[in-house]
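Following: one structure in structure tokens, then a few remarks.
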Amino acid sequence: KAGVTQTPRYLIKTRGQQVTLSCSPISGHRSVSWYQQTPGQGLQFLFEYFSETQRNKGNFPGRFSGRQFSNSRSEMNVSTLELGDSALYLCASSTVGGGPGGEQFFGPGTRLTVL
Amino acid sequence: GEDVEQSLFLSVREGDSSVINCTYTDSSSTYLYWYKQEPGAGLQLLTYIFSNMDMKQDQRLTVLLNKKDKHLSLRIADTQTGDSAIYFCAESSSGYSTLTFGKGTMLLVSP
């Protein structure tokens, strides 16, 4: 069974631009979560989607948004990029979310650099 | 809010046991996890434990949970150089997907 895939793996943007990252979960998984990883703040939860609905949201500004499609693939968008948005963005999929049977499996991440 | 704390660095010799410690503050934590991250890679789930369990063993890995002190540890027996990585402790409550992570412990295994 294929794992979680994320595209692109690397991205370089300039301040003020917007970016869209994509995540394809493991087949059969309906929950997709996004995390931001930076050296200073560590891993922080962005949001979670389940069956095309945002089920939970972290403490990030409205410039960060996401969506999930009917095939469970998810995208996250960051508008008006700032230097501080440079990070590794990780996507995780699970069957229902949290706990056994819902363990979250992570993709390799998208490394975003904002210049 | 919830907080998860870990020591930042641990160095051991190949063949020794490694013990990585973690403390958390959320008393409603239901599940506690250990993840491994190698350079340039995502997070690999190593093991997890229910909050009503004291211990879980999985091959070379032993997880100990002291719920009273909100202390979690991961013991790796017969540590190998391939175990060198960053190890993250994480907790979730109520079975939801939101994971709160510690800052990670870098484990360095020397030959």
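Here, each number is a calculation from the coordinates, and none is a lab measurement. From a predicted model like this one, the values you see are computed outputs, not experimental measurements. When we count neighbours, we look across all protein chains shown, and the Cβ atoms used for this are built from the backbone with ideal geometry, even at glycine.
Things worth noting here:
- Pairs of Cα atoms farther than 21 Å apart, the protein assembly as shown, %: 55
- Over chain A, relative contact order from alpha-carbon pairs under 8 Å, at least 6 apart, %: 35
- Straight Cα distances below 13 angstrom link residue B:36 to the aspartates and glutamates B:83, with same-chain residues fewer than 8 positions distant left out.
- Estimated FRET transfer efficiency (residue A:2, residue B:77; beta-carbon r; R0 35 Å; 0.05): 0.65
- If R0 is 25 Å, the Cβ-Cβ spacing of residue B:19 and residue A:59 corresponds to a FRET efficiency of close to 0.20.
- FRET efficiency for residue B:7 and residue B:28, using Cβ-Cβ distance with R0 set to 22 Å, rounded to 0.05: 0.35
- Label sites at residue B:68 and residue A:73, each approximated as a point 7 angstrom past Cα along Cα to Cβ, lie 5.3 nm apart.
- Subset of A:57/B:70; A:57/B:68; A:57/B:56; B:70/B:103; A:13/A:57 violating a 23 Å alpha-carbon distance limit: A:57/B:70; A:57/B:68; A:57/B:56; A:13/A:57
- Relative contact order of chain B, defined on C-alpha pairs under 8 angstrom at six or more residues apart (%): 38
- For residue B:67, the aspartates and glutamates whose Cα comes closer than 16 Å to its Cα, not counting residues fewer than 8 places off in the same chain, are B:2, B:3, B:5, B:26, B:54, B:91.
- Residue order, fewest to most surrounding Cβ atoms within 10 angstrom, among B:23, A:53: A:53, B:23
- With loop membership from DSSP and a limit of 16 other Cβ atoms within 10 Å, the longest segment of chain B without trypsin sites (Lys or Arg not before Pro) is B:1-59.
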